[in-house]
Each structure stands twice: as structure tokens, then as C-alpha cells.
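Report on one structure; see the data block that follows.
The values are calculated or read from the model by the stated rules, or taken from the named source; none is laboratory data. The shown structure was predicted, so the numbers you read here are calculated from the model rather than taken from an experiment. Positions of Cβ are generated from backbone atoms using ideal geometry, with glycine treated the same way; all protein chains shown enter the neighbour counts.
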Amino acid sequence: MNRIHTESAPAAVGPYSQAVELGGIVYTSGQIALDPETGNLVGTTIEEQAEQVMKNLVAVLEAAGTKPENALKTLCFLTDIKDFAAFNEVYARYFSEKPARSCVEVSALPKGAICEVEVVAAV
């Protein structure tokens, strides 16, 4: 098993890796809209936060030797399901190959984020 880390994505805010790779499959930890340089939350709207989340995920996937086009499954968490359509507009620009996906509303996310996404991808 390989633990993935890149300075191009935010450091983990707990005792976990940004991603792990095993047998040619990468499992990312959930990414929220943190700026990798400052560790601060970026944006207040779903569009702004989703954009930063996707940038963070791309950085982690690239560090693992893969890209969003190789995603097999994503798990998306929104604090307000009413943001579903706006979130999808940003998401669709990054996951054009349409991997399998779950998207659910949750009561809260770390650091007050309004969306979080994790990815399972082939290398």
C-alpha cells in the first residue's frame, strides 16, 4: 500500500492520508475547500467551494499518478441538498466521464465547509 501526499493539496486535518493506493486503485480522503497554502476555507458559495474541492482532488489524483477521467466512483456530501444543481455544474466540468456516484446531504462538515468529495480511481 502506498500513502499519497502532495503539498499541492491541503494537509490532512486529522490522523489520515490524503489518499492511499493499493493494487492500482486510489482511494482519496474527502476534500473540502481548503486553500493548500493557508489551510483556510475558500469561498462562501457552493460554486466557489466546489471549485476548490475539485482543484484539491485533481492535485491528489495527480500525485497518485491518475486523473479525474479515471474515477470509478465519487462520494459527495452537501450540507444543503438544495445546492445539488449548482454543485453538479462544477462537478461535471471535472468528472466528464461520469463515474458512479453517491451524493447526500449531511448536517455538518469539518471547518464549516458546505461540500466534501472523495474519489476512488484507477491508476
*Candidate set: segment 68-114, residues that are without any contact (Cβ under 8 Å) to a residue 12 or more places away in the chain and not polar (S, T, N, Q); chosen: the one farthest from THR28 (Cα to Cα)*: LYS82
*Determine if segment 105-116 includes at least one residue that is under 16 Å from ALA11 (Cβ atoms), out of contact with any His (no Cβ under 9 Å at 6 or more places or on another chain) and loosely packed, with under 15 Cβ neighbours inside 10 Å.*
yes
*Find the residue count for segment 94-123, including only residues that are over 15 Å from GLU69 (Cα atoms), outside any strand (DSSP E or B) and of a type in the set (Gly, Ala, Ser).*
4
*Which condition number in (1) closer than 18 Å to ASN2 by Cα; (2) free of Cβ contacts under 8 Å to residues at least 40 places away in the same chain; (3) of a type outside the set (S, T, N, Q) is the one that GLU21 fails?*
(2)
*Here are THR74, THR45: which of them is over 20 Å from GLU7 (Cα atoms) and within 15 Å of the chain's Cα centre (by Cα)?*
THR74
*Consider VAL20 carefully, then state whether it is in a helix (DSSP H, G or I), at negative phi and at pLDDT 95 or above.*
no
*Being polar (S, T, N, Q) and closer than 27 Å to ILE81 by Cβ is the filter here, so list the residues in segment 19-59 that pass it.*
THR28, SER29, GLN31, ASN40, THR44, THR45, GLN49, GLN52, ASN56
*Could you grab me the full set of residues in segment 8-42 that are within 11 Å of the chain's Cα centre (by Cα) and farther than 19 Å from VAL120 by Cα?*
LEU34
*Residue tally, condition part of a helix (DSSP H, G or I), surrounded by 18 or more Cβ atoms within 10 Å (Cβ to Cβ) and of a type in the set (Val, Ile, Thr), over segment 59-83*: 1
*Give the residue that is nearest to GLU118 (Cα to Cα), with candidates limited to residues of segment 42-58 that are among the hydrophobic types (A, V, I, L, M, F, W, C) and surrounded by 22 or more Cβ atoms within 10 Å (Cβ to Cβ).*
LEU57
